[in-house]
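Working notes for the structure below.
The values are calculated or read from the model by the stated rules, or taken from the named source; none is laboratory data. Not measured: the values here are computed from a predicted model. Because the Cβ atoms are built from the backbone with ideal geometry, glycine has one as well, and the counts that use them run over all protein chains shown. The protein model used for the area step is the full one, side chains on, heavy atoms only, and it has no ligands, DNA or RNA in it. Shrake-Rupley method; radii C 1.70, N 1.55, O 1.52, S 1.80 Å.
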Amino acid sequence: MLKRKSLMRSAAIAGIALVAGLAVGDGAMAANEKLKIGVLGVMSGPAASWGLVNRYCAEARANMINEAGGFEIGGKKYDIEIVSIDDRNDPKLAVSGAERLVYEDGIRYIIGPNIDTTAAAIVPVIEKGGAMNIPYAFSKDLYSPPRSHSILGMIASYQAGPVIYKYLQEKEGVKSVAFVARNESDSLNQREEGVAAAEALGLDVLASKDTYEAGTTDFFPVMSRLVGLKPDLIVLSGVAPSDAPLMLKTARELGFQGLMSTETAQDAKILSEVAGDAANGFISVGGASTPEIRSEFMETFSKRYEEVAGEWNDEAGTKVYALEILLNTIKTAGPEAIEDVSKFKAQMDAFKMTNPFLKDGRDLHFVGAGFFDQKRQISVPMVVNVFKDGEFETLFVGSVD
Amino acid sequence: MPNQRSLIAVGVALVIYLIVLPALLADKPYFLGVLTTASVLSVIAAGVWLTFFIGRINIGQGAFALVGGYAAAILMTKLGFSFWIAMPLAGLTAALVSIVIGIPILRLRGVYFAMISLSLTETARLSAQSFRSVTEGAKGIVNIPLPGAVEIFGFTLIPDFSTVDKHLAFYFLAAILLIATFAAMYRLVNSRIGWLFKSLQQNEELASSVGVDIARLRVIAYAISSFLGGIGGAFFVAAQQSVYPASFQIQDSIYFMLYTFLGGLGYVFGPIVGTFVLFLSFEFLHGLNEYQPLIYSIIMIALMLWLPNGLLSIRLPGWGLGTKANPERARGA
Amino acid sequence: MEQVIINGIYSGMQYALIALGLTLIFALMGVLNFAHGQMYVLGGFVTYYVYGVMGLPFVVGLAATAATLALVGVFFEFVIFRRVLKLSVREESTMLVAAGGALFLESLVLIIFGEKHRGVPSVISGVWKVGDAYMPYGRLLVVAMSALLIGGFILFMQYTRQGRALRALAQDREAAQIQGVNVDNYSMLGFAIGATLAGLAGGLLVSISGVNSGLGTWISIKAFIMVMIGGAGVVPGAIIGGFILGMLESVGYTVLPGGETYLVIFVALIAFLAIRPQGLMGKPWG
Amino acid sequence: MPIMEIQNLTKRFGGLTAVNDVSFSVEEEEILSIIGPNGAGKSTLFKLISSFLRPSEGRVEFKGERISGLAPHIVARRGVIRTFQETTIFRDMTARENVVVAHHLRTEASLVGHFANSPLARRDESSFHESAAEILEYLGLGHVQNEYARNLPHGYLRALGIALGLAAEPEVLLLDEPFTGMNQDETNKAVEMVRGVRDRGITILLVEHDMSAVMKISDRIVVLNFGEKIAEGTPTEIQNDDRVIEAYLGREDEEIGI
């Protein structure tokens, strides 16, 4: 909402700020105009960490930007304000939350939500309200035409799975695989894609149906059957960070000798606390946080993250990119894109920036044409990690395209 | 029997609800959306209220909303039905399912019924996931069309929702559902059926001793309740244009119960008050972030401590004294 | 096969412990404690902090958990339930307030302990292998401690003055009052014990399965299933219900891996309750 | 021809036989009482006759047709209505509302008709209100008809219970301990009331513990002990029956002694 009065005022303030900034260095807090970005996701209940990590990432990065004097778009600096709403994984609350962000706060760019159900429910709001969002849900329907307002924020399991399986097939001689999923839509869909990928690679799929219920505290019944099949690899499809360590520990206690992997991000602290040594050798997809690949900028970021959240969470390594790419794409598209997402969309095919979170200086851009027939995914690097004595080590870094 | 004053009050409320609010909020889709959602949630909660009215603690309404949602989605996407036919059929499907389930479980009372009803929501979710050939399983049913036009002899009775202001259209649909539901509920409760339901709530043995077919009546009440759940489910599926196994969850079922309680179990319009107060306060407390559920729960407990018989009991002075003459509480076991 | 049976016993023992506190509170007050699962979670977090973070012995962690939850139980009974039970016309009101209490504890735990899953290192490590069956020592310890707790609880109820008074209260509130039992105090004691049992279950299990703030509702639902199987308000019923659910899960996941296990459990439960509404050991009514 | 016949009725709970092979018949427009010491199986027999329990063996016939094993509301529809002890009423309704609801069996309109407030339903309602007023007046409850049942004193509740029974237009009214806990004065009034009900042409079968009232009111008496019928006859016959004196009166002395 750029009103003329506030425009003039902010221009004046910007002028003063410029002078002051020159005088005092970067310590000055300029009263920039605000650019609001929404975070909509589950921030309470069993899956609270998914949405909270999104929110903390956005807030941490926004704090950095604002303290550095704001984010420049079209020669003007904006302070980034994060407006976050907890949808509790309830589609009704997701819809009202999205309507609030879009219509009341005038927000055009939303990070989230976290599951297929809520992501699909707000599609009508996003499209009608002329907004873009970055869901962390994997359903291809969200990103494929005729849909065009949603951008997948991370690596989908159906992208990481084949890469990991292939690696393990070639490097570790894996021949047989067993899948287990949480008995919820998102996990089941991820497992289905994973099974298809494994079969395409010629792996022997020993178990393709096993599930467990949310809230399971005892994985012996579930894992006994899987371990009994003696697969070379057990894939935990779309398991929540809280469940993975229990499953690892249980499998080892049941005498499982083979490999275990997952396609989603996990947290090293939880793994070492709950599973301890049993988690060694566990392969998961991480973000930019392992020491081998992270840049200095990433280290600064994770310190800021700790200030906001109290504690680092490795899930955050996969979620740092959303705000960064949103802002930089808007910047490239010009100030009009702040209000008009069609300008943003027009820019998506060509947009490219250096990924500031990684040492190797690879590009951050939009990908996914091979999966969705259009570029509707952030080129999050596919960092495949292996857990070793309380830390993640990077096995290799792949990419979607 | 309604007296003149309450008729005027209802009239004023209707004018505000149907004319003033939509006029004021026409360009505020968010507020319109919140009111729309609250309206339909009240309709679903009205069903819960009715099961309370026959003396059953119902924490399973989400299951029937899910059944209704899926019924509507399947009818619209796979069989090509119009929304306007699919919605009542969704209600009927939910009612039918509730009859099959209700015949055995309505024999349970007290916390036993409460506990089994709580597991119904999970049962519904797991069924939606398991019977893939009909429900698409975990993938959900997406890209459901918006409600289309209804025309009679070339005269457009209801416009196609995609051609008009969708938010207003859904608001009016929700408003009509709410008004129709509560008018029917009011009539039901004040008719002989209401008295029979009330007799069930107070003593089933006694009711059957004077010839009331208690088994049939409680199934009827449950079917009406589930019908409303199914209608509500169909509405949300149409508004969100998608349905997933997790579209209605245990949390929803618990909230429907809370809405009903909060308004007051002794009042037909309790569900409206309870739902609007809880849902709106929930929306407006959202700026508190993680403290929101905490504050929300404190408010809820406080309300129960000071107004244990619901918000609507405020208007009855001296009510607290009357309740003390009621030392016995029928216990479940 | 041995493994399946052992798994059932493992889970059954844990579940029995979980159901115990719920059924006790129900028997005493006629209150279905919706916050049971959240109390379990709180217990898990207290043990996590004392044992896992502060590094004190596991037993100290459990003691701290018991003390904390006893306080929470007293708070719930004294501040909330007593008043609502006195004022309300309908028994359902206690359920609403219990649900409010559940939401309160859950959000409090989320704020204090965060959104992450927490766990502690195994109290003892190593696995005992008998034939084809694997039995980790950590689990055996938990099973043994659960059995001790359950046994201790039964002895307490059977042979102490307080236990007898509690049983009298559960049998018939008014009669107990006539016999000179201080109903208010014993309700509070009963609630404290119920909450403590929930917390200790969480504290014990944190050593094998960890805990997170969102676990509560699922724990409560499982506890409800067990209580429905065994019969509400009956202590042996809760224990049997726990073991039955444990076995059902264990066998179910083996023969029905496709996610239908709980669907079958729920449907079977409805069918079972249609035939035997009061559960296996509950008193018939109506 | 007897209006009701109880044939070889037996009820076992697990290993316990609560009612054992009891047979007797009830004549039209008589007052028949079932008595017996505590634990004799009176209330089980009462529930069996009103079909709130299903017999293990034997049957209950009403006008030559079997009614045992049918659902209570169907038995009620046939014309056999039971009352409960005083606490069993619709507590949160007024006395009048209680009785109006109890007119259920006389409804002619369907449920849908009632919902739509059809002429038939309106006629039902007005006739129920009239009849309820009449019944309440007849039983001496006219002045408390708008009180909530939960606030009524005990004596009135007993009468209200009978009013509920009458509203259902029974041919046989089964009364569950109608005189228990009353003083002499109240009992006398209640006895008059029950007689009056019989004079409306209703057969009365009652279960009672209070001997003196039973002796006063009954045409015939059936005595139970340990689930078995030990005597049947007029009050005078029963008073002089050795087995009854031995089994019942002896026991009652003991009980009084406790």
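Summary of values
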read-out	value
Residues in the range A:77-101 occluded by at least 40 Å² - accessible area, probe radius 1.4 Å, against chain by itself	A:R88, A:P91, A:K92, A:L93, A:S96, A:E99, A:R100
Relative contact order for the range B:203-302, counting Cα pairs under 8 Å that sit 6 or more residues apart, in percent	11
Amide H contacts under 5 Å for A:G238, placed H, 5+ residues apart	A:E263, A:T264
Percentage of interatomic Cα-Cα distances in the range D:91-168 larger than 15 Å	52
Gained length - C:V59 relative to C:R82, 0.36 nm times residue gap less alpha-carbon distance	5.0 nm
Förster radius 22 Å - calculated FRET efficiency between A:E104 and B:A23 (Cβ-Cβ, nearest 0.05)	0.75
Reduced Cα scattering model of the range B:1-109, Debye log10 I(q)/I(0), q = 0.13, 0.19, 0.21 Å⁻¹	-0.74, -1.08, -1.11
For A:K352, solvent-accessible area (1.4 Å; no DNA, RNA or ligand), Å²	130
Ranking by accessible area, most exposed first, for C:D172, A:D401 with a 1.4 Å probe	A:D401, C:D172
Whole-number percent relative contact order across chain B, with pairs defined as alpha carbons under 8 Å at least 6 apart	31
Charge-dipole axis of chain D as Lys and Arg at +1 and Asp and Glu at -1 on Cβ define it, positive-most pick from D:S33, D:A163, D:P178	D:A163
Rg followed by Dmax, in Å, when chain A is reduced to its Cα trace	21.6, 72
Approximate shape of the range A:306-353 as ellipsoid semi-axes (Cα gyration tensor, √5λ), whole Å, largest first	28, 12, 7
Given A:K77/A:K303; A:K34/C:K116; A:K128/A:K303, the pairs whose alpha carbons are separated by over 27 Å	A:K34/C:K116; A:K128/A:K303
Longest to shortest principal axis, alpha-carbon extents of the range A:157-264, angstrom	34, 30, 20
A:E339-D:F226 pseudo-label distance in nm [points 7 Å out on the Cα-to-Cβ vector]	9.9
Accessible surface of the protein assembly as shown, 1.4 Å probe, proportion on carbon and sulfur as whole %	59
Amide H partners (placed H, <5 Å) of B:S82, local residues excluded	none
Pair C:R164, C:W128: separation of 7 Å Cα→Cβ label points (nm)	3.8
Calculated on alpha-carbon atoms, Rg and Dmax of chain C in Å	18.7, 60
Counting all C-alpha pairs of chain D, share separated by more than 34 Å (%)	19
In sequence order, calculated HN-Hα J values of the range D:56-62 (Karplus, 6.51, -1.76, 1.60; Hz; x Gly/Pro)	6, 9, x, 8, 10, 10, 10
Distance from the range C:102-140 to the range A:313-389 (C-alpha centre basis), Å	37
Efficiency of FRET between B:V134 and D:V112 - r from beta-carbon atoms, R0 35 angstrom, step 0.05	0.60
Label point at A:K171 placed 7 Å out along Cα→Cβ; residues across the range A:378-401 whose backbone nitrogen lies under 18 Å	A:381-400
Electrostatic dipole magnitude of the range D:59-104 [Cβ: Lys, Arg +1; Asp, Glu -1; Cα centre; debye, to 20]	220
Euclidean distance of C-alpha centroids, the range B:31-89 and the range D:84-151, integer Å	34
Charge dipole of the range C:117-239 about the Cα centre (unit charges at C-beta), most positive-ward option of C:M188, C:Y137, C:M226	C:Y137
For the protein assembly as shown, radius of gyration divided by Kirkwood radius, i.e. Rg to Rh on alpha-carbons	1.02
On Cα atoms only, tilt of A:321-333 relative to the major axis of chain A in degrees	40
Translational diffusion coefficient (Stokes-Einstein; Kirkwood radius from C-alpha pairs) of the range A:327-401 at 37 °C, 0.692 mPa s, in µm²/s	234
Leading residue at positive end of dipole, the range B:4-332 (Cβ point charges), from B:V277, B:F248, B:I220	B:I220
Rg over Rh, two decimals, the range B:4-332 (C-alpha only, Kirkwood Rh)	0.97
C-alpha center-to-center spacing [the range C:181-219, the range A:193-241] in angstrom	33
Test item: Cα-centred dipole of the range A:157-264, Lys/Arg +1 and Asp/Glu -1 on Cβ, debye	300
Å³ per residue enclosed by the Cα convex hull of the range B:165-310	140
Computed accessible area, C:V79, all protein chains, 1.4 angstrom probe, square angstrom	60
Computed helical MRE - 222 nm, chain A, DSSP H runs ≥ 4 contributing -39500 (n - 2.57), nearest 500	-11500 deg cm²/dmol
Viscosity 1.306 mPa s, temperature 10 °C, Stokes-Einstein D of the range D:149-258 from Kirkwood C-alpha radius, µm²/s	104
Largest to smallest accessible area among D:L70, A:L203 [probe 1.4 Å]	D:L70, A:L203
Chain pair B, D: total accessible area buried, heavy atoms, 1.4 Å probe, Å²	2700
Chain B: DSSP helices with Cα axial extent of at least 18 Å and average Kyte-Doolittle hydropathy no lower than 1.0	B:29-53, B:61-77, B:83-105, B:166-190, B:214-240, B:270-284, B:291-306
For the range D:1-71, convex hull of alpha carbons as volume per residue, Å³	83
Accessible area of D:I245 in the full protein assembly, 1.4 Å probe (Å², nearest 10)	70
Unit charges on C-beta of K, R, D, E only; dipole of chain B, Debye	760
Heavy-atom accessible area ranking, 1.4 Å probe, most first, across B:F276, D:F115, B:F83	D:F115, B:F276, B:F83
3J(HN,Hα) from dihedral phi, the range C:177-193, Karplus parametrisation 6.51/-1.76/1.60, rounded to Hz, x for glycine, proline	4, 4, 6, x, 7, 6, 4, 4, 5, 6, 4, 5, 4, x, 5, 4, 5
Accessible area of the protein assembly as shown divided out per residue, in Å², using a probe of 1.4 angstrom	36
